[in-house]
1. How high is the relative contact order of the chain? Use alpha-carbon pairs under 8 Å, at least six apart in sequence, and give a whole percent.
2. Expressed as a whole number of Å, what is the distance separating the alpha-carbon centroids of region 34-70 and region 102-160?
3. Students often get this wrong, so check it: of Lys29/Lys121; Lys296/Lys325; Lys46/Lys296, which have C-alpha atoms separated by over 18 Å?
4. Rule-of-thumb check for region 119-273: C-alpha Rg over 2.2 N^0.38 Å?
5. Rounded to the nearest 0.05, what FRET efficiency do Val158 and Lys325 have when you use their Cβ-Cβ distance and R0 = 45 Å?
6. Aspartates and glutamates near Lys154 by alpha-carbon distance under 16 Å, same-chain residues fewer than 8 away left out - which ones?
7. Obtain the nm distance between the two label points defined at Ile145 and Ala254 by a simple spin-label model: each point lies 7 Å from its Cα along the Cα-to-C-beta direction.
8. Express as a percent, rounded to the nearest 5, the fraction of DSSP beta bridges in region 81-211 (both residues included) that run antiparallel.
Amino acid sequence: MDRTLIQEILEVVEQAGIASAKLTGMGLKNEADAAAVEAMRERMYKIQMQGRIVIGEGERDEAPMLYIGEEVGSGTGPGVDFAVDPCEGTNLCANSQRGSMAVLAASDRGGLFNAPDFYMKKLAAPPAAKGKVDIRKSATENIEILSQCLGIPKDELVIVVMDRARHKDLIKEIRATGARVQPISDGDVQAAIACGFAGTGTHCLMGIGAAPEGVISAAALRALGAHFQGQLVYDPAVAQTSEWEGLTKEGNLARLAEMGISDPDRIYEAEELACGENVVFAATGITDGLLFDGVKFEKDCTRTSSLVISTLDNTARFTTTVHIKDGAQSIALR
Ligand code: VTB
């Protein structure tokens, strides 16, 4: 991968963001996702690379586009692996709520963990707490460590947790430390990445979300030098999700073994989930969020706000792009 890819990757998430933003608030989550997928894929094909989807819309037989294993790009040039989530937070987009975005992570061949479509226990925290907080420790211990590392009293810390039945005890434990809980209905990728920056009002993400999204978060947090750890969740009694109705722990363990995961309890560090020599993370806001605004449609232009984090040049770029319409007469500065 080289730096010329950064601009191309930015355009990929911008196009996906614009496509699904047209459906914001329409209550059409599948259509918003499909629009983002199509736009993302179309832009990816224009890049001179031998791209490959390692995390995408699903297995080949269940997803027609951006399926796992799909080759994208012109077919010549560097080998690049992609973990994509063209419309992360489809419910948020469909209901016009904060935090949905078009997002992807890219790395050199073999540089991203081929995560199964399972759940993952996650711990994300700022750079100052990297390697000090630990997913093996209790929430109570981690909040104590966070408070010390960040120099912020416990009752000023904000811990983001997905609002799910499985987190009832976790939320109780966090509140008992004095720290504040910010429940989110969806979108744990944006919440995780917000932990990588000071000033977002978000200090830590705890709890269980989807594993593929965990790899995308890990790539961004690795590039920022922040903390991320993940551990696969295979027990339906822990995940407590209707998605797993009828599945058993034994069956899930067998599926993991089939996928070549020999130690299902392994704890993955950010540098293992995104192990490539270089990683690039890119996201464009669909709706407004913690890190950037959503897409704004104006008379003569469309405005997108994005974040690209890259180890190629050690940058985190917050960019606004004005996509000028034909015959534009007047373009506001901001
Ligand atoms: C998780 C989370 C995502 O959807 O995948 C969630 O990581 C689905 O979780 O950010 P449940 O199956 O428990 O509903 C998101 O919130 C949005 O894609």
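1. 19 percent
2. Between the Cα centre of region 102-160 and that of region 34-70, the gap is 28 Å.
3. Correct reply: Lys29/Lys121; Lys46/Lys296.
4. This ratio for region 119-273 stands at 1.01.
5. Efficiency computed from Cβ-Cβ geometry: 0.70.
6. Glu141, Glu144, Glu173
7. 3.7 nm
8. Here the share of antiparallel DSSP bridges comes out near 60 percent.
The values are calculated or read from the model by the stated rules, or taken from the named source; none is laboratory data. Everything numeric here is computed off the predicted structure, so don't read it as measured data. Counting neighbours? That spans all protein chains shown, and the Cβs are built from the backbone with ideal geometry, glycine included. Quick note on the areas: whole protein, heavy atoms, side chains included, nothing else; ligands and nucleic acids left out. Shrake-Rupley method; radii C 1.70, N 1.55, O 1.52, S 1.80 Å.
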